[in-house]
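As structure tokens, the structure follows; a few thoughts come after it.
None of the figures in this text is laboratory data; all of them are computed from the coordinates on show. Given the structure is predicted, the values throughout are model-derived calculations rather than measurements. Cβ placement follows ideal geometry from the backbone for every residue including glycine, while neighbour counts extend to all protein chains displayed.
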Amino acid sequence: MYLDQVVSGAGTTNQVTQRLGQFYAVNNEPFAWVPLTDDGLVAPVVVKLGGTNTLRISTITGNCYPNFFMLVPSTGISLSAAIVGSNVAVSFPTLAGSNYRVFYRTNLSTGNWTLLNAVLGDGTVKSASDSSAASNQRFYKMTSP
């Protein structure tokens, strides 16, 4: 399924939309958590809304019947990066039982985010090591869950 923001023509058949992301799931479990992701179906998408907004859900197959959506506010996760030997270590605080995913890409404004590592939090500071970053420019982001 796709999530679009209607930027003009709300309530008409001539809507102009802006793609915000897509949902992808292969199970039929009730109450499944399915994150909104980028075009590569990898990195979660942050949607910034304000005031009154009209959103549209669409699907190519028509075989998707969501009961509800939950949009939740989120805060950022502080990251730090340091060169350790020939690697770059991206460190971040964790909460016990929470899942964290570190993504990278080589251009800050374009391209899909690539998953570097997934980490289960335990209340300590965790790190993800990137062996290719020392010789290449990379940008990082963190998501949880």
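Amide H contacts for Lys126 (H built 1.01 Å from N in the peptide plane; partners 5 or more residues away or on another chain; cut-off under 5 Å): Phe92, Thr94. Applying both filters, DSSP loop and at most 13 other Cβ atoms within 10 Å, to the chymotrypsin sites (Phe, Trp or Tyr not before Pro) of region 35-133 gives Phe68, Phe69. If you wrap a convex hull around the C-alpha atoms of region 102-145 and split its volume per residue, what is the figure in Å³? Taking the convex hull of the Cα positions in region 102-145, it is 80 Å³ per residue.
About its Cα centre, the chain has a charge dipole of approximately 220 debye under the convention of +1 per Lys or Arg Cβ and -1 per Asp or Glu Cβ, with nothing else charged. Residue-wise HN-Hα couplings along region 64-69, as the Karplus relation 6.51 cos²θ - 1.76 cosθ + 1.60 with θ = phi - 60° gives them from phi, are 9, 10, x, 8, 7, 10 Hz; Gly and Pro carry x. Other residues whose C-beta falls under 14 angstrom from the C-beta of Leu116 contribute a net charge of +4, scoring Lys and Arg +1 and Asp and Glu -1.
The separation of region 88-145 from region 43-60, counted between C-alpha centres, amounts to 25 Å. Our compactness index for the chain, the C-alpha radius of gyration over the empirical 2.2 N^0.38 Å, is 1.23.
Pull out a ≥ b ≥ c, the square roots of the eigenvalues of the alpha-carbon gyration tensor of region 78-132, then state rounded if a/c is under 1.5, prolate if not and a/b is larger than b/c, and oblate in the remaining case. Note, shape of region 78-132 comes out oblate. Toward the positive end of the charge dipole of region 1-112, with +1 on the Cβ of Lys and Arg and -1 on the Cβ of Asp and Glu, the farthest Cα among Asn107, Tyr65, Leu3 is that of Asn107.
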